[in-house]
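The values are calculated or read from the model by the stated rules, or taken from the named source; none is laboratory data. Keep in mind that this is a model prediction, so the values were computed, not measured. Here the Cβ positions follow ideal geometry from the backbone for every residue, glycine too, while neighbour counts run over all protein chains shown. Accessible surface is based on the protein model in full, side chains and every heavy atom, while ligands, DNA and RNA are left aside. Shrake-Rupley method; radii C 1.70, N 1.55, O 1.52, S 1.80 Å.
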Amino acid sequence: MDGLNLQLDYYGALNLHKALLEAKFNLEPDNELISGSPFVADIHVQVREFLMQSDMGNQWKEWFLLNNRSYYRERAIKRMKRCRHFDAAVFEEKKKIAANFLAPFLYSEEEIKSVLEELDGSV
C-alpha cells in the first residue's frame, strides 16, 4: 500500500492546521494519544512549514513562536502531565516527548528546558 499524498492549497492547509490544533490541545480529548503522537506532530510540522512558505510566511513564523502562544504552551504541559511515559523517561526522551506535544510550535533550547522544569523540576 502506498502512502497518502494529500494535495492541499493554502486554505486546505489552514483548515487542517486548525483541526490539528483542536485535536492536539484539547484538554478533554476522546483519544488521549493524539496530543503526544509523533505521527500527528510530524504532520502538523509539515503543515506549519507549508504555511510559513506561503505569501503570509512572515506572519505565520511569528504566529508559530511558542513564546507568543502561552495558551497552547500551558495546554501542552497539562496534556504532558497525563502522559504515562513522561515520568519514567530520561532527559533526552522527555525532550522528544515534549517536542511531540509542543508541535507545531517553534521554540529555543531554553524554552524546552523551561517546559521540562515546569513539569518535573529535574532539569
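For the reader, a short list of remarks on this structure follows.
- Calculated [θ] (222 nm, deg cm²/dmol) that DSSP helices of n ≥ 4 give over the chain, each run adding -39,500 (n - 2.57): -18500 deg cm²/dmol
- Once the chain from PHE91 to LEU65 is taken as fully extended at 0.36 nm per residue, the excess over their C-alpha distance is 7.1 nm.
- At a probe radius of 1.4 angstrom, the accessible area of the chain per residue rounds to 64 square angstrom.
- For region 62-123 versus region 19-43, the spacing of their alpha-carbon centroids is 14 Å.
- Amide H partners (placed H, <5 Å) of LEU106, local residues excluded: LEU65, LEU66
- For the chain, the alpha-carbon radius of gyration amounts to 1.08 times the rule-of-thumb value 2.2 N^0.38 Å expected for a compact globular protein.
- Percent carbon-and-sulfur accessible area, the chain, ignoring ligands, DNA and RNA, probe 1.4 Å: 51 percent
- Spin-label pair GLN53/ASP9, simplified geometry with 7 Å Cα→Cβ offset, distance in nm: 1.8 nm
- Only Lys, Arg, Asp and Glu carry charge here, each on its Cβ (+1 for the first two, -1 for the last two); on that basis the chain has a dipole of about 240 debye about its Cα centre.
- Quarter of Cα convex hull surface for region 61-115, i.e. mean projection, nm²: 3.5 nm²
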